Every structure is written in C-alpha cells, then in structure tokens.
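Q: Structure in structure tokens, see below.
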Amino acid sequence: AMCGRSYDPRFLWSWPNSRVAVMGGEQAAGVLGIVQESAARRRGIEPDKTTIEAMQMMTRQKFEQESDPYYATARLWDDGILDPRDTRRALSVGLSVAHNVDFVTPGQPHYGVFRM
C-alpha cells in the first residue's frame, strides 16, 4: 500500500520486501538519461553515451540502496519493519490504539512516541 508521513498516519510500518521510493531505479535512470541527452542537444553538442550510461548505473545503484526498507527504518522514516506473520497482531494493536486515543485539537502540537 502507498502511504507516507505526509498523510499523517498514526502508524507506518513496513514489510522486509517493501520498497520506499516514488519510482524505481530503472525509471529514474531512464528519465535522467533523457534529460541529459536533450540538454546536450540544446547546447548543440552530441550527448556522451558513456557518461550518460555511467550516470544511469550510479542512479540505479543509489535507488536500489536507498529504497531498501532497512535504509528507511534506520533513519526513523517509519515505525519499524514487521515480520509479515505478525501483521494481524500489529494491525489489531494499532487499530485498538487509534480507537482509544483522544483526538487532538487541530493546529495544536501533538507528539507521538519517539523511537530511539
């Protein structure tokens, strides 16, 4: 499922096989390659295929590394990684907590549990 901190969820868990990215590395590398080629042509020079391919390879590697769920959870971007077998239990606890919490006044500061 797609979710993120911008949706202000009460909980945000990941599974070990999830990906945390707005697009895949292959798509990002392709888009950046197209942008590099068109920028070179606008300047009136022939695009350097070797440089573009190297940039695309680095982009793929960076996306592969940084879209890993362990990369995200290490930076506290979520509330942790669930073993898929524990999903029902975590969902049950999360729904119970959400049902029993007092609502906050909009515009007033509210803080959750800080994971350290």
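Q: Along Cα→Cβ, 7 Å out, is where each label goes; now give me the distance between the ones at A90 and A39 in nm to one decimal.
A: 3.9
Q: Eigenvalues of the Cα gyration tensor times 5, then square-rooted: what semi-axes does that give for the chain, in whole angstrom, largest first? Show your work: numbers first, answer last.
A: Working: eigenvalues 334, 60, 22 Å².
Semi-axes from the Cα gyration tensor: 41, 17, 11 Å.
Q: P(r) tail for the range 25-66, what percent of Cα pairs lie past 13 Å? Don't skip to the answer; put the middle values down first.
A: Numbers: 425 of 861 pairs.
Looking at the range 25-66, the distances longer than 13 Å represent 49 percent of pairs.
Q: So how do S18, S6, S92 line up by other beta-carbon neighbours within 10 Å, fewest first?
A: Details: S18 17, S6 6, S92 10.
Going from sparsest to densest Cβ surroundings: S6, S92, S18.
Q: Where in the range 17-43 is the amide nitrogen less than 14 Å from a point lying 7 Å along the Cα-to-Cβ axis of A54?
A: Once the point is set 7 Å along Cα→Cβ of A54, nothing inside the range 17-43 turns out to lie under 14 Å by backbone N.
Throughout, read-outs are computed from the coordinates displayed, never taken from laboratory work. Fair warning: this is a prediction, and the values are worked out from it, not measured in the lab. FYI the Cβ positions are ideal-geometry reconstructions off the backbone, even for glycines, and counts take in every protein chain you see.
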